[in-house]
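The values are calculated or read from the model by the stated rules, or taken from the named source; none is laboratory data. Keep in mind it's a predicted model, so treat the numbers as computed, not measured. Counting neighbours? That spans all protein chains shown, and the Cβs are built from the backbone with ideal geometry, glycine included.
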Amino acid sequence: MSNSVSQLRSRLTEIDRDIVFHEIQLGLLRAERESTQRHLHTVAVYPVLTLPNEITSEIFIQWVHADQKSNPMLLTLVCKQWRAVAISTPQIWAPLKNMPLGKRFLAKWLSHTGSLPLNLSLSLRGPARMNYQDSFIYQTLSRHSSQMAKLTLGSNEAINLPLGPFPRLISLSICGVGHDLDRALVIDETAPLAAPQLRQLILKYKSELPGDALQVYLPCIQLTNLELKADAAECIKFLIHTPNLEHFTVDCEDGDLPDLNQWTSVTLPRLRRIRCAKSTYPALLNLFTLPALQELSIWLDPEWKEIVQRLIARSQCSIRKLDVHAYLADHELLTGFLELTGLQSVRDLTLRGPDGRDGALEELFLKIEDPSFLPLLQSFAIQGCEFLVPTNTVTGMLCARMKGEVKLKSFQFLLGGDNDEGRDDAEVNNCDAHVVSNVRKLKALCSQGLKVDFQSKFRFWNTHLDPSVIRGFRRVLK
């Protein structure tokens, strides 16, 4: 028994000696490996690292702009040379894509942007809002306010703008979704927002707009582009202070708007374009006088017809570009609207989702064939059509408009929907001669200067447009 114990202890001693020996050998091998690796880096040539830094920098810039998910921080992890090039290339940091809001990264990221203008977009909801309100992050953004060219802040509560000044800021967007939002944004009330270049303002929220605060503390008089989502009363309060507006996008519901007779009319002498969203309160336009108005976009329903007629008559304006969302309008309403005296100056017409039931779209094309109908029309587009349209009707209208004193210059037909049930390809083959005839007509029109664009999502049959017709048109008309 004693001999066995002695042998085991002796064996353990031998094992310990072997372990020590091999650990020493392992340490020597590791040291040799590190030395060899360092020597390799001094003699090995990696082709990508032989590029001039300017070329590498341009590659980084192209990658960041081409890939929406790109993160320039990844470039700093590849090697020391790439890290140095990335840090010295402010163009890859200035887009502020995928920028973390954490304290560890924010200040370092912004420091790499140099003096380039910044386009900053932050969604401040939940934890992101808590991080934003952190004094370190807020102050860091404020230190870079002089670089901000476009600033977008989204929140479901009141939010603070970074401290100014904003000498480069040209576009400010504040988007809120909270129903209990009392103030869309908070600005230092001791002075107006210091943003002398600010021209575009976008305010969107579902709750009441703090009109008085915004009128006083935002430089409204210098705005030329405004996008506003609020109730009609607050919209009017705001517009009184924006006499230099040129472009206005409005999404204003009636809210608690009192009798319109109690409101002073709003004259915007420089406004050239107004776009009305689907939910916009039509009677709001009864308060506007827009003598420079040239572009109008509306969602047509019976109430809009008379309101637009009065607006044009009151403003003595000349509408040149008309965009009509006709999804809610029948054929009679649409044609009656287009026949308004105030719209006979239209040169560019876009119809979205026009009614095509019971041949209504064919009647519309036949109407447009008459050169006295929209006599100055030069560009015509139909988008979102989901009804069959005979090719003869299309080419007939185009031929007629090319014979008038004012010729059509461009025509666009974007088709949508899915109406291919119960058809087969044999039906398409029966109309080859018809297709060839209409393609020839279109080719002749193109030689006279007409630009056409046909796009289709679904199939037309027999004497109607189908994918083969669309492809034929596009091949011949290139």
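Considering only residues of region 289-341 that are in a helix (DSSP H, G or I) and of a type in the set (Lys, Arg), which is surrounded by the most Cβ atoms within 10 Å (Cβ to Cβ)? If we take residues in region 289-341 being in a helix (DSSP H, G or I) and of a type in the set (Lys, Arg), then Lys305 is surrounded by the most Cβ atoms within 10 Å (Cβ to Cβ).
Yes or no, residue by residue, for (1) without any contact (Cβ under 8 Å) to a residue 12 or more places away in the chain; (2) closer than 18 Å to Ser115 by Cα; (3) touching a Phe, Trp or Tyr at 6+ places or on another chain (Cβ under 7 Å):
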residue: Phe60; (1), (2), (3): no, no, no
residue: Val64; (1), (2), (3): no, no, no
residue: Gln68; (1), (2), (3): no, no, no
residue: Asn71; (1), (2), (3): no, no, no
residue: Leu75; (1), (2), (3): no, no, yes
residue: Gln81; (1), (2), (3): no, no, no
residue: Ser88; (1), (2), (3): no, yes, no
residue: Trp93; (1), (2), (3): no, yes, yes
residue: Leu96; (1), (2), (3): no, yes, no
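Considering region 342-359, the residues that are in a helix (DSSP H, G or I) and of a type in the set (D, E, K, R) include one that is nearest to Ser315 (Cα to Cα), namely Arg357. Selection of region 375-415 for residues being touching a His at 6+ places or on another chain (Cβ under 8 Å), closer than 18 Å to Leu351 by Cβ and β-branched (Val, Ile, Thr) yields only Val389. When region 130-185 is filtered for residues that are over 21 Å from the mean Cα position of the chain (by Cα), hydroxyl-bearing (Ser, Thr, Tyr) and modelled with pLDDT under 70, the ones remaining, listed by number, are Tyr132, Ser135.
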